[in-house]
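**Q** A single structure is presented below for examination.
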Amino acid sequence: MRAIEPWVEPPLSAFLAESAARVTLLMTASGQVVAQHGFTRSLDVMAAAALGAGIVASTTELARVMGTATLGNAAHQGAAMGIFLSPFDTPRGRWIALVVYGPETSLGLVQLFFGRLVADLAGAAPPAPKSGPVLAENFEAELNASLRSLFGR
Amino acid sequence: MPLVNFTAREITCKLVYYGPGRCGKTTNLQYIHGRVPEHRRGNMVSLATQSDRTLFFDFLPLELGVISGFTTRFQLYTVPGQVYYNATRRLVLQGADGVVFVVDSQARRFDDNVESFQNLQENLLDQGIDVRQLPLVLQYNKQDLPQDLILNPAELDDAFNFRAVRSQPADALHGTGVFETLKALSGLVLERLAVRPPAS
């Protein structure tokens, strides 16, 4: 499991153990990864987050166009596994959960323990830290070297 | 602001390529995807129509390397350019840390560029973002076309560059200016996370 902030890990661990989900991804509404379990490549997790956030954003917009308050959660059931996608509010703003589960559990169990995850995260969130500079004043030399290496120049 | 993971010492930035339909936004990402080694990028995700026009977005994650001790990643997005896809453009623009506005340099596309640029400002304003506060780079694409068909960078600067931001002539199909555009925007975005030099 990888999480941006350590306080996310205990509630997410409990959710994984109880729901028996295979993959779980927590992201911001704009698709930035907050925590993940079950992915092997960090770049794949970013693609999954972008697509998950896109689905939620378009569903929310669809609800607005249709004059409905919200369309809530989305669930896709495949032959071998299912996907549960849900936006939820945290003290750090609106997040989205993407949960992939197999036949060893069910959508109902995932939803049940997801409700607890949302409550646990709300209870565990410390006050947001003040943001400040994180990069050195002369970061540009490293940035340019990284970009040159990326483009083979 | 870019997402900073202090525990894992990672920075993730969302960069959006914006502009009118067929200006070359997807071409920018395709060129980058083709040039960057596989272990430094993810798969390019394209949600496109059957005729390969962007329907929702293109997405390309890049791993830049370590900068000031932070592993830095960029998430590159494009928006659909066609006028009637504004709802999806707004969604993709959410949380953008910086924007490349890709201008189609062809003289006959001038009005489309203006409309798209105004649309960018409106969509940012809807999210409470003043375009003057957001890191922005203008890319004047298709500068390889015959001179009688296009506007030159000085003419395009007169029309679009009221903030005197970095503008970059480009031929995205062959890669000219693509690297420089990304370099300029990433510098502006990361600058916001950097220690400022003491005022003299």
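Derivation of every value follows stated rules applied to the coordinates shown; laboratory data play no part. Quick caveat: nothing in here was measured; it's all calculated off a predicted structure. Glycine also receives a Cβ, built like all others from the backbone with ideal geometry; neighbour counts cover every protein chain displayed.
**Q** Expressed as a whole number of Å, what is the distance separating the alpha-carbon centroids of region B:102-119 and region A:21-36?
**A** 36
**Q** What does the average come to when, for each residue of peptide A:30-41, you count the partner chain Cβ atoms lying within 10 Å of its Cβ?
**A** Taking the mean over all residues of the peptide, I get 4.
**Q** A further question follows. Across the residues of A:51-62, average count of Cβ atoms on other protein chains within 10 Å?
**A** If you average over the peptide's residues, the count of other-chain Cβ atoms is 3.
**Q** May I pose another question? Taking the Cα centre of chain A as origin, work out the dipole magnitude from +1 charges on Lys and Arg Cβ and -1 charges on Asp and Glu Cβ, in debye rounded to 20.
**A** 200
**Q** Could you line up A:Met66, A:Met27, A:Met1 from fewest to most neighbouring Cβ atoms inside 10 Å? Walk me through the numbers before you get to the answer.
**A** Details: A:Met66 8, A:Met27 25, A:Met1 12.
Fewest to most other Cβ atoms nearby, the residues stand as A:Met66, A:Met1, A:Met27.
**Q** Moving to a separate point now. Based on the Cβ-Cβ distance of B:Ile129 and A:Met81, what FRET efficiency does E = 1/(1 + (r/R0)^6) give at R0 = 45 Å, to the nearest 0.05? Spell out each step's value before the answer.
**A** On the way: r = 38 Å, r/R0 = 0.85.
Taking R0 as 45 Å, the efficiency between B:Ile129 and A:Met81 is 0.75.
**Q** Tell me which residues come under 5 Å, amide H to amide H, from B:Ile67 once H is placed; ignore anything under 5 positions away on its chain.
**A** Amide H neighbours of B:Ile67, under 5 Å, 5+ apart: B:Thr72.
**Q** Right, next: What is the total of Lys pairs in the protein assembly as shown with C-alpha atoms under 24 Å apart, excluding same-chain pairs fewer than 8 positions apart?
**A** 6
**Q** A further question follows. List the relative contact order of chain B as a percent without decimals, with contacts defined as Cα pairs under 8 Å and 6+ residues apart.
**A** Result for chain B is 22 percent.
**Q** In deg cm²/dmol, rounded to 500, what helix-only [θ] at 222 nm does the protein assembly as shown give when every DSSP H run of at least 4 residues adds -39500 (n - 2.57) and the total is split over its residues?
**A** -11000 deg cm²/dmol
**Q** Taking R0 as 22 Å, what's the FRET efficiency between A:Gln111 and A:Arg22 from their Cβ-Cβ distance, rounded to 0.05?
**A** For R0 = 22 Å, the calculated efficiency reads 0.90.
**Q** Please sort by residue number the trypsin sites (Lys or Arg not before Pro) in region A:49-132 whose DSSP state is loop and whose Cβ has at most 14 other Cβ atoms within 10 Å.
**A** A:Lys130
**Q** Let me ask something additional. List the residue ranges in chain A for DSSP H helices whose C-alpha atoms run 20 angstrom or more along the long axis and whose Kyte-Doolittle average is 0.0 or above.
**A** Numbers: long enough: A:42-65 (34 Å, 1.15); A:107-124 (25 Å, 1.43).
What comes out of the filter, once short or polar helices are dropped, is A:42-65, A:107-124.
**Q** In which sequence would B:Glu63, A:Glu61 go, from the one with the fewest C-beta neighbours within 10 Å to the one with the most?
**A** A:Glu61, B:Glu63
**Q** What is the fewest-to-most order of B:Leu193, B:Leu62 by other Cβ atoms lying within 10 Å of their Cβ?
**A** Ranking B:Leu193, B:Leu62 by Cβ neighbours within 10 Å, fewest first, gives B:Leu193, B:Leu62.
**Q** Relative contact order, percent, of chain A when contacts are C-alpha pairs under 8 Å separated by at least 6 residues?
**A** Once divided by the residue count of chain A, the mean separation gives 25 percent.
**Q** While we're here: Any idea which of B:Gln118, A:Phe15, A:Ala49 is furthest toward the positive side of the dipole for the protein assembly as shown, if Lys and Arg beta-carbons carry +1 and Asp and Glu beta-carbons -1?
**A** My answer, from the dipole projection, is A:Phe15.
**Q** For B:Ala87 and B:Arg9 in the same chain, what is the full-extension length gain: residue separation times 0.36 nm, less their Cα-Cα distance, in nm?
**A** Additional length available on full extension: 24.6 nm.
**Q** About the Cα centre of chain B, what is the dipole size in debye to 20, counting +1 per Lys and Arg Cβ and -1 per Asp and Glu Cβ, all else neutral? Display every interim value, and only then the final one.
**A** Working: 20 positive and 21 negative charges, 123 e Å.
Taking the Cα centre of chain B as origin, the dipole is about 600 debye.
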